[in-house]
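Report on the structure given below.
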Number of protein chains: 2
Amino acid sequence: MSLAIGLVGLGAIARAQHLPAIDAVDGVHLAAIASRNATLPDLPGYPDIESLLAEQPGIKAISLCTPPQGRFEQAMAVLQADRHLMLEKPPGTTVCEVERLRDEAARRGLSLFTTWHSREAAAVDLARDWLAGRELLTIRIDWREDVRKWHPGQTWIWQAGGLGVFDPGINALSILTKLLSDVPRVLCSDFETPANSQTPIAAILEMEAQGVPITAQFDWRETGCELWSIHIETTDGAATLDQGGARLRIGGTVQPVETASEYQRLYARFRNLVAQGQSEVDLSPLRLVADAFLNAKTRPTAAFHEDINA
Amino acid sequence: MSLAIGLVGLGAIARAQHLPAIDAVDGVHLAAIASRNATLPDLPGYPDIESLLAEQPGIKAISLCTPPQGRFEQAMAVLQADRHLMLEKPPGTTVCEVERLRDEAARRGLSLFTTWHSREAAAVDLARDWLAGRELLTIRIDWREDVRKWHPGQTWIWQAGGLGVFDPGINALSILTKLLSDVPRVLCSDFETPANSQTPIAAILEMEAQGVPITAQFDWRETGCELWSIHIETTDGAATLDQGGARLRIGGTVQPVETASEYQRLYARFRNLVAQGQSEVDLSPLRLVADAFLNAKTRPTAAFHEDINA
């Protein structure tokens, strides 16, 4: 029987990724929407999660695509109404709140899936397998994109709990923690935080894992050559995972990979977790980010204005 | 047989607390010191942890009292030399580094003890027992002290990873997490960070646990009435744990407690953990602090100078 899914939040990520993925994956279907100010044709729509849960007792699974701030209350409402729950990344504004959700889901025998979509990019598994048999020397992450292009009007990313440049950066860290057996530890972190923001617009992390140095550079001010790459050096050659994990070059050669849709893989996994009565809650990327904040040297930098002519 | 302890770091906390506690507790004795620039009469002294470990194979347990920055390398050296380890609070600069230590100790069958000395204050157990049978309404923490008086010359507290006012504040949070069954989650946090510091000199945390609001106010600028108190309101009366956990008032009445030395209780526990081949690693206070940093609204405030006439 197909799993009926209620989708909460109908912003950019929901429209670009969640709707087409749910449509494409066997065994799941979209059954209702909760959104303050948007609906979809031919689908029941509710202004908030509470009314969706109350009026749709047959919907046993909810996918939350709202910004992280305020999502805990929605997530807890879903679990307390005994529905399975899939959380868009990041799974929360704090580590402790997601641990509370994990405990609540376990107590009720519900499936909780904290997703990290970049881990499902086409070449990530291949990179992990390539690295597994080799001795690591170093990893360098470059994650540079144009915030104005990808996050227009999203003021929540600049507010406390919005993660700033770690909103994309946590995608790189989610791949990193999938590639390695140890969770890295943050040795030091340098933040550049706009004068009018609570979160960094750029960050450098020096980390260590398996005894080797790992550097990450995140920058949201890139207007020229955007880059989402992880460069891995080993005693037996180098490889670069780029395009956000979609492509792997070993030496100079691009490796063949199957085309994969990150979000299709997420929904297929969620369907399987629910069917098997299991949860998948990996908080290591969020713990790394919390550690970076805990350990940060912050440098104030120019105020950020979305309209650069304003 | 008495447990021989090597003490690393001979700063203020080691001299004020660790030395007399080791002296007073049955079944442990101080066998050597590692300190860059200090020794004790009639005791072997080493300039660093590595030489102590190399020259004292009979010392099976180490207590680290150095500042948190740089302590991971010392701690890992201890574990990799197959010695049991007790860590002064905070157990590290990041959550992930302490998890790595926990995993290393487990792999080697060693005892790791991440201490929270304020949990051993005389009235904390009594407060927990009193609260256990009651319905909680709210908790308010006031932790106000004079940093110049308690931390003279300690520049590391202002550097990244030094925690700032959370250095004392984490003591309150360690009591809080002992009083409650749920780990609280941080709803919002406000930091005041001196212009010349990487860490806050004052902070307000709004938290929630068991469905009730918990507020903490930490301030390191108190020159008048210092205060280390936790005020607990229930549907069945109120209680105040003050003097950093040493005294409990229920209604207006101070409760009788045994005199306890926090650090004596820690060393007795460490002795028992080693004897039983067990570890005690509770990271919930540090995770709460990391969440507060992750979630913080930071307000720059006046530069801090230890000599106010400077």
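Only a single item in (1) away from chain B (no Cβ under 14 Å); (2) under 30 Å from residue B:197 (Cβ atoms); (3) in contact with a helix residue (DSSP H, G or I) (Cβ under 7 Å, 6 or more places away or on another chain) is not met by residue A:215, and it is number (3).
Based on this model, can you work out whether residue B:175 counts as away from chain A (no Cβ under 14 Å) and more than 22 Å from residue B:301 (Cβ to Cβ)? Give the steps one after another, and end with the answer.
Numbers: away from chain A (no Cβ under 14 Å): yes; more than 22 Å from residue B:301 (Cβ to Cβ): yes.
The answer is yes for residue B:175.
Among the residues of the stretch B:137-147, is any modelled with pLDDT under 95 and either within 14 Å of chain A (Cβ to nearest Cβ) or touching a Lys or Arg at 6+ places or on another chain (Cβ under 8 Å) (or both)? Show your work before the answer.
Within the stretch B:137-147, the subset modelled with pLDDT under 95 is none.
Within the stretch B:137-147 (the criterion being modelled with pLDDT under 95 and either within 14 Å of chain A (Cβ to nearest Cβ) or touching a Lys or Arg at 6+ places or on another chain (Cβ under 8 Å) (or both)), the answer is no, since none of the residues qualifies.
If you go through the stretch B:204-240 and pick out every residue that is among the acidic types (Asp, Glu) and in a strand (DSSP E or B), you end up with 4. A count restricted to the stretch A:90-111 and to residues that are hydroxyl-bearing (Ser, Thr, Tyr) and more than 12 Å from chain B (Cβ to nearest Cβ) stands at 1.
Does residue A:132 satisfy the condition of being assigned by TED's automatic domain parsing to the domain that holds residue A:172, farther than 18 Å from residue A:278 by Cβ and surrounded by 20 or more Cβ atoms within 10 Å (Cβ to Cβ)? It is false that residue A:132 is assigned by TED's automatic domain parsing to the domain that holds residue A:172, farther than 18 Å from residue A:278 by Cβ and surrounded by 20 or more Cβ atoms within 10 Å (Cβ to Cβ).
So which residues in the stretch B:181-203 are aliphatic (A, V, I, L, M), under 19 Å from residue B:305 (Cα atoms) and in a strand (DSSP E or B), if there are any at all? Lay out the reasoning, then the answer.
Of the residues in the stretch B:181-203, the ones aliphatic (A, V, I, L, M) are B:183, B:186-187, B:195, B:201-203.
So of that shortlist, the ones also under 19 Å from residue B:305 (Cα atoms) come out as B:195, B:201-203.
Within the stretch B:181-203, B:202, B:203 meet the criteria.
Residue count for the stretch B:278-298 under the criterion of being surrounded by 21 or more Cβ atoms within 10 Å (Cβ to Cβ), small (Gly, Ala, Ser) and out of contact with any Asp or Glu (no Cβ under 9 Å at 6 or more places or on another chain): the result is 1. If we keep just the residues of the stretch B:254-297 that are modelled with pLDDT of 95 or more and β-branched (Val, Ile, Thr), which is nearest to residue B:150 (Cα to Cα)? Here the residue is B:289. Of all the residues in the stretch A:62-89, those that are within 14 Å of another protein chain (Cβ to nearest Cβ), modelled with pLDDT under 95 and on the phi < 0 side of the Ramachandran plot number 4.
Pairs meeting the criteria (first residue in the stretch A:204-226 and among the basic types (Lys, Arg), second residue surrounded by fewer than 16 Cβ atoms within 10 Å (Cβ to Cβ), beta carbons under 8 Å, at least 6 apart or on different chains) are A:221/A:146. Kindly provide the set of residues from the stretch B:144-159 that are farther than 20 Å from residue B:217 by Cβ and without any contact (Cβ under 8 Å) to a residue 40 or more places away in the chain, ordered by number. Result: B:155, single match.
Of the residues B:189, B:181, B:197, which is touching a Leu at 6+ places or on another chain (Cβ under 6 Å) and within 14 Å of chain A (Cβ to nearest Cβ)?
Values: B:181 fails: touching a Leu at 6+ places or on another chain (Cβ under 6 Å); B:197 fails: touching a Leu at 6+ places or on another chain (Cβ under 6 Å).
The match here is B:189.
Mind checking which residues of the stretch B:56-72 are over 14 Å from residue B:9 (Cα atoms) and either in a loop (DSSP other than H, G, I, E, B) or charged (D, E, K, R) (or both)? Answer for the stretch B:56-72, where residues must be over 14 Å from residue B:9 (Cα atoms) and either in a loop (DSSP other than H, G, I, E, B) or charged (D, E, K, R) (or both): B:56, B:57, B:58, B:59, B:60.
Scan the stretch A:278-300 for residues that are in a helix (DSSP H, G or I) and either facing another protein chain (nearest Cβ under 7 Å) or of a type in the set (Val, Ile, Thr) (or both) and report the count.
From the stretch A:278-300, those in a helix (DSSP H, G or I) are A:284-294; that's our starting set.
So of that shortlist, the ones also either facing another protein chain (nearest Cβ under 7 Å) or of a type in the set (Val, Ile, Thr) (or both) come out as A:287-291, A:293-294.
Number satisfying all stated conditions: 7.
Residues that are buried (at least 19 other Cβ atoms within 10 Å of the Cβ), of a type in the set (Phe, Trp, Tyr) and either within 14 Å of another protein chain (Cβ to nearest Cβ) or more than 17 Å from the chain's Cα centre (by Cα) (or both): does the stretch A:255-269 have at least one? Scanning the stretch A:255-269 turns up no residue that is buried (at least 19 other Cβ atoms within 10 Å of the Cβ), of a type in the set (Phe, Trp, Tyr) and either within 14 Å of another protein chain (Cβ to nearest Cβ) or more than 17 Å from the chain's Cα centre (by Cα) (or both). Among the residues of the stretch B:1-53, those that are surrounded by 13 or more Cβ atoms within 10 Å (Cβ to Cβ), assigned to a loop (DSSP other than H, G, I, E, B) and either charged (D, E, K, R) or in contact (Cβ under 8 Å) with a residue 40 or more places away in the chain (or both) comprise B:9, B:10, B:11, B:25, B:27, B:48. Condition first: away from chain B (no Cβ under 12 Å), touching a residue at least 24 places away in the same chain (Cβ under 8 Å), outside any helix (DSSP H, G or I) and within 13 Å of the chain's Cα centre (by Cα). Can you find one or more residues in the stretch A:120-135 that meet it? For the stretch A:120-135, residues away from chain B (no Cβ under 12 Å), touching a residue at least 24 places away in the same chain (Cβ under 8 Å), outside any helix (DSSP H, G or I) and within 13 Å of the chain's Cα centre (by Cα): present.
Working carefully through the options A:250, A:214, A:204, find the one that is buried (at least 22 other Cβ atoms within 10 Å of the Cβ) and either more than 22 Å from residue B:159 (Cα to Cα) or not small (Gly, Ala, Ser) (or both). Explain how you work it out, then say what you get.
Values: A:250 fails: buried (at least 22 other Cβ atoms within 10 Å of the Cβ); A:204 fails: buried (at least 22 other Cβ atoms within 10 Å of the Cβ).
One residue alone meets the criteria, A:214.
The values are calculated or read from the model by the stated rules, or taken from the named source; none is laboratory data. In this text, all values refer to a predicted model and were calculated from it rather than measured experimentally. All Cβ positions, glycine included, derive from the backbone under ideal geometry; neighbour counts span all protein chains shown.
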